[in-house]
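No lab work stands behind these numbers, since they all come straight from the coordinates. Worth saying up front: this structure is predicted, and the values here are computed from it rather than measured. Reconstructed Cβ throughout: ideal geometry from the backbone, glycine too, with neighbour counts over all protein chains shown.
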Amino acid sequence: MTTVDSPLHRLAEVAAAISEEWHGFDRDIEVFPAVVARHTVQLDLTPFNTLAKQQQLLFDSDVRELQTTSSFSDAYFKLYDDGHLWVEVLNWWGSDINIHDHNFSGVQFQLDGKSIDVKYKYSADVTVDGLEFGGIAPGAVRLWEPGSTSVVLPGDAEPHIVYHLDEPTVSLLIRTHPRPEYSTQHNYFPPGCRADYTVVDNGFRTNLKILRLLDRAQPDDFRECFIRTISRQDANENLLTFAKLMDILFRERNADLIPVFLDRGGPASWAIIDAARRYHASNYISETLRKSPTVGTREAIALTVLASAPNAETLDGLMIQVEDHLEGTDVRAATRKALAGLSKAHTAEVERVSRVLDVELI
């Protein structure tokens, strides 16, 4: 059990005080971040900033019972839950997530490592075969460091993407429970697709696992099962399938499946391919170039900004915002340095990415 003088007990006391004051505002989700800010000014969160410290807390039966299965972050850890708000720790050890929004409100505290946060603006237009189309444009970009705090807004007010520059990076959130009035989480795919993430249930994930295994050693069965999948899913599900399997669907040996998808994928198939190829290009920048052994922090920031920009025009605006952190490093210089640590075969891939994003990289 938690002792009265422990950091966990102190955190629970603060969380309970937040919940009590928030109750006085009728659990208004809009005022929640301000209530959290008032109660956490002097709160020390360093006792929760490493996996080793978190692991020690698992021997507290109350904490152990709070743990739940979650794919969000590389190690998800829950510290408190009173049925109205909860406190969670997100441990990132190299993975990132694509542009998304939230169906809750909260405050995030950066405990360890550096990250780049890019916020977006979205405007809805039409829905075709379950997939929503509109306008997606990057807005504010910010460097998160230990001690940084940020407000999490609900709905599509501020979709964002976070790239983790260090391994690990650790953040703690004091947040509300999901709110039904804000629907569910959406994922965003430039130039203009918004997908409903609720379709990614256990059955959806099982299908993805089957397809991955078949691609490894049974290509004929993979082809048959992939065609069956795209033929029975709507556009929303097909876009998320491409996003989850882009590393295998864009391999040369599976190139013939793209025309099949365009023929059978329904009225939004061209838009899905466009969004998927852009996402694939962006992921190559963030996962391969940014993590090249020759790239330092300045170059990683430049490449992160490039990965988050849908086109050359928005890239210029983002670079201006972070120029203080770049110390003169530009995207082309960062790309050249990244390529110096990779094989020559990557030069052709960078040229392909340049064409997809319409940005001159080398």
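Do the alpha carbons of any pairs in Lys209/Lys244; Lys114/Lys244; Lys119/Lys291 sit beyond 18 Å of each other, and which pairs?
Lys114/Lys244; Lys119/Lys291
Which shape class, rounded, prolate or oblate, goes with segment 290-357 when its Cα gyration tensor gives a ≥ b ≥ c as root eigenvalues, a/c under 1.5 marks rounded, and past that a/b bigger than b/c marks prolate?
Since a/c reaches 1.5 but b/c is at least a/b, the shape of segment 290-357 is classed as oblate.
Taking Lys78 as the anchor, which aspartates and glutamates have their alpha carbon closer than 13 Å to its alpha carbon, excluding any fewer than eight residues away along the same chain?
Within the straight-line limit of under 13 Å, Lys78 reaches these aspartates and glutamates: Asp60, Asp62, Glu65, Glu88.
Restricting to Cα pairs below 8 Å that are 6+ residues apart, what does the relative contact order work out to for the chain? Please round to a whole percent.
Relative contact order, the chain: 14 percent.
With unit charges on the beta carbons (Lys and Arg positive, Asp and Glu negative) and the dipole taken about the Cα centre of segment 226-322, which residue among Leu306, Thr229, Gly296 sits farthest to the positive side?
Thr229
Excluding same-chain residues fewer than 8 positions from Lys337, which aspartates and glutamates have a Cα within less than 17 Å of its Cα?
Leaving aside aspartates and glutamates fewer than 8 places away in the same chain, those within reach of Lys337 are Glu287, Glu299, Glu327, Glu349, Glu351, Glu360.
What ranking do Leu214, Leu240, Leu51 get, fewest neighbouring Cβ atoms within 10 angstrom at the top?
Leu51, Leu214, Leu240
Regarding the chain, what are the three Cα extents along the principal axes, ordered largest first, in Å?
63, 49, 40
How do Trp144, Trp270 line up, fewest other C-beta atoms within 10 Å first?
Trp270, Trp144
Of Val260, Thr206, Leu239, which is farthest towards the positive pole of segment 202-272's charge dipole, taken about the Cα centre with +1 and -1 on the beta-carbons of Lys, Arg and Asp, Glu respectively?
Farthest towards the positive end: Thr206.
Taking 8 Å as the Cα distance limit and 6 or more residues as the minimum spacing, I'd like the relative contact order of segment 7-198 as a percentage.
Relative contact order of segment 7-198: 25 percent.
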